[in-house]
Every structure is written in C-alpha cells, then in structure tokens.
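Asks: I have a structure here, written as structure tokens, and I will follow up with some questions on it.
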Amino acid sequence: MHGLFDDFISLFYPKICHACGNSLYRNEEVICTFCRYHLPKTNFHLDQDNMLAKVFWGRVRLENTIAMYFFTKAGKVQHLLHQLKYKNKPEIGVFLGTLYGLYLKKHEPITSINMVIPVPLHPKKQRKRGYNQSEQFAIGLAQTMNIPVESRLLIRTHASETQTRKSRFSRWQNVSEIFAVTNPSAISGKHILLVDDVITTGATIEACAAKLYETENVKVSAASIGCTHN
Ligand SMILES: [Zn+2]
C-alpha cells in the first residue's frame, strides 16, 4: 500500500537523482545507481601518499587524507555538493556519508578512528542554512563506522572566511584564529576524523587540525566528499 502511494506521488513529483537529474527508480535514493557507480571516486583510502595527502605535506601532519570524489566545475559532483549546501538537502550529506563509511570500514588504518568532527560553520551561518553540510556527511560516516560525531568539541568563533588573495602564511594566521576547542580533555588520546564537504586549498583543514593538535596526544585524519583534481 505504501509503495502504491509512493508510486502515485512520484507520478506528479518524480524523485530525481541529485547528481544527474534523471528520475530515480523506487529502490533508489538520492543518487541513481548509474551515478553511484560512475561518479569519479578517488580511492584515496587505498593510498596513504595520495595527491590530497601531498597538499598537506610540510603544513600539518595528517594520518590519513581521503576524499570520496573528484569534482570539476559544472560536473555532477559539483552539482551534488551545490544541492547539499545551498538547496536545503541535508539528506544528501547523510546518504554520501553512509556510502563512504561502507567503503572505509574495510580498511585497517581508517578503523582506528575514535570520533568524527565536522568542520564547524559559524553559528549565524548555520542558523541561516538550517544545518551544517559537513556535519550531515559526518553523521552518515559515523553511523556506518559505529563511532560518535562530536560537533561541539570544535567551534568556529569568527565568521570570516578564508581570504584567497592573501598569501598562504597570512591566510593561515587568519584562519587559525577562527577555530577553538571547547573541551581538550575529550579529544586527548583520540584519533579524530576531521570532515569537510570540500577540500581545495586545504587551508581550513590545516587550521582546524592545528587547533586540535594544541591538545596533547591527538591524531588527526581528514575526509571530504569532494576534492579538486590537480
Ligand atoms: Zn544519476
């Protein structure tokens, strides 16, 4: 009965794939099976010295640096991320997190992680958007990996964004003042998976990781949905 009702509804409001825009079959959710198999996976979790890890070399130490997909301007992954961030579709984040968690669960270095911490939004921005897109991804990941999401341990104290025109050093100085750890004893001795929706220059992850490392005996890894193909 429920299925019939769904079919009836989808006659008028067909559910569509958030990556390619084609309509979804009844057994599909968020992205279609074709996209699920053909979106450009990075497979960075299979290579510790992958190209994204190299972005952080000489800047901040990360145990594992991974991303789910490569994105290109105007590509499907870009479209997916845009929907997640600006079109009130938090379920995309949870869905992708769950999917990625299933891949990662098979890998030894990744399973040593104790908690997931999303890159925080400024409270004002989060109120306006209604959710933090990175936190949604973190929720799906953590659920699948059977570990907690700790969204309140790392907070954003300033609204200012990374300023792309500044040099790397002054930009880092700028962003390192933006984040704060609320309860250092809760992260001490932990391996933290820091999660963002996208990693491009790496400045945000670098600043967050540097903040986390101010507490002793912390390990940090980083994961995102999308990253640029250099
Ligand atoms: Zn699709």
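The values are calculated or read from the model by the stated rules, or taken from the named source; none is laboratory data. Values in this document were obtained by computation on a predicted structure and should not be read as measured data. Here the Cβ positions follow ideal geometry from the backbone for every residue, glycine too, while neighbour counts run over all protein chains shown.
Asks: Go through segment 79-99 and give me each residue that's among the polar types (S, T, N, Q) and within 16 Å of C32 (Cα to Cα).
Replies: Residues satisfying the conditions are Q83, T98.
Asks: I've got another one for you. Being assigned to a loop (DSSP other than H, G, I, E, B), within 19 Å of T228 (Cα to Cα) and within 16 Å of the ligand (Cβ to nearest atom) is the filter here; which residues of segment 28-65 pass it?
Replies: If the condition is that a residue be assigned to a loop (DSSP other than H, G, I, E, B), within 19 Å of T228 (Cα to Cα) and within 16 Å of the ligand (Cβ to nearest atom), then L39, P40 are the ones that fit.
Asks: Further question on the same structure: Conditions: (1) without any contact (Cβ under 8 Å) to a residue 12 or more places away in the chain; (2) over 27 Å from D47 (Cβ atoms); (3) acidic (D, E). E91 meets all but one. Number of the miss?
Replies: For E91, the exception is condition (1).
Asks: Take the residues in segment 95-107 that are modelled with pLDDT of 90 or more and of a type in the set (F, W, Y); name whichever of them is surrounded by the fewest Cβ atoms within 10 Å (Cβ to Cβ).
Replies: F95
Asks: Against the definition (within 16 Å of the ligand (Cβ to nearest atom), assigned to a loop (DSSP other than H, G, I, E, B), free of Cβ contacts under 8 Å to residues at least 60 places away in the same chain and aromatic (F, W, Y)), how does Y25 come out, yes or no?
Replies: Yes; evaluated as a whole, the condition is true for this residue.
Asks: Being under 18 Å from L62 (Cβ atoms), surrounded by fewer than 23 Cβ atoms within 10 Å (Cβ to Cβ) and in contact with a strand residue (DSSP E or B) (Cβ under 7 Å, 6 or more places away or on another chain) is the filter here, so list the residues in segment 181-196 that pass it.
Replies: Listed by number, the residues that qualify are V181, K190, H191.
Asks: Follow-up question, since we're still on this one. Pick from K41, K125, K73, K87: which is within 15 Å of the chain's Cα centre (by Cα) and surrounded by fewer than 19 Cβ atoms within 10 Å (Cβ to Cβ)?
Replies: K41 is the lone residue from the list that is within 15 Å of the chain's Cα centre (by Cα) and surrounded by fewer than 19 Cβ atoms within 10 Å (Cβ to Cβ).
Asks: In addition: Just checking, which of I110, I178, I92 is at pLDDT 95 or above and of a type in the set (V, I, T)?
Replies: I92
Yes/no per residue for (1) in contact with a strand residue (DSSP E or B) (Cβ under 9 Å, 6 or more places away or on another chain); (2) more than 25 Å from N217 (Cα to Cα); (3) of a type in the set (D, E, K, R):
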| position | (1), (2), (3) |
| --- | --- |
| L39 | yes, yes, no |
| V60 | yes, no, no |
| K89 | no, yes, yes |
| L104 | yes, no, no |
| P109 | yes, no, no |
| V116 | yes, no, no |
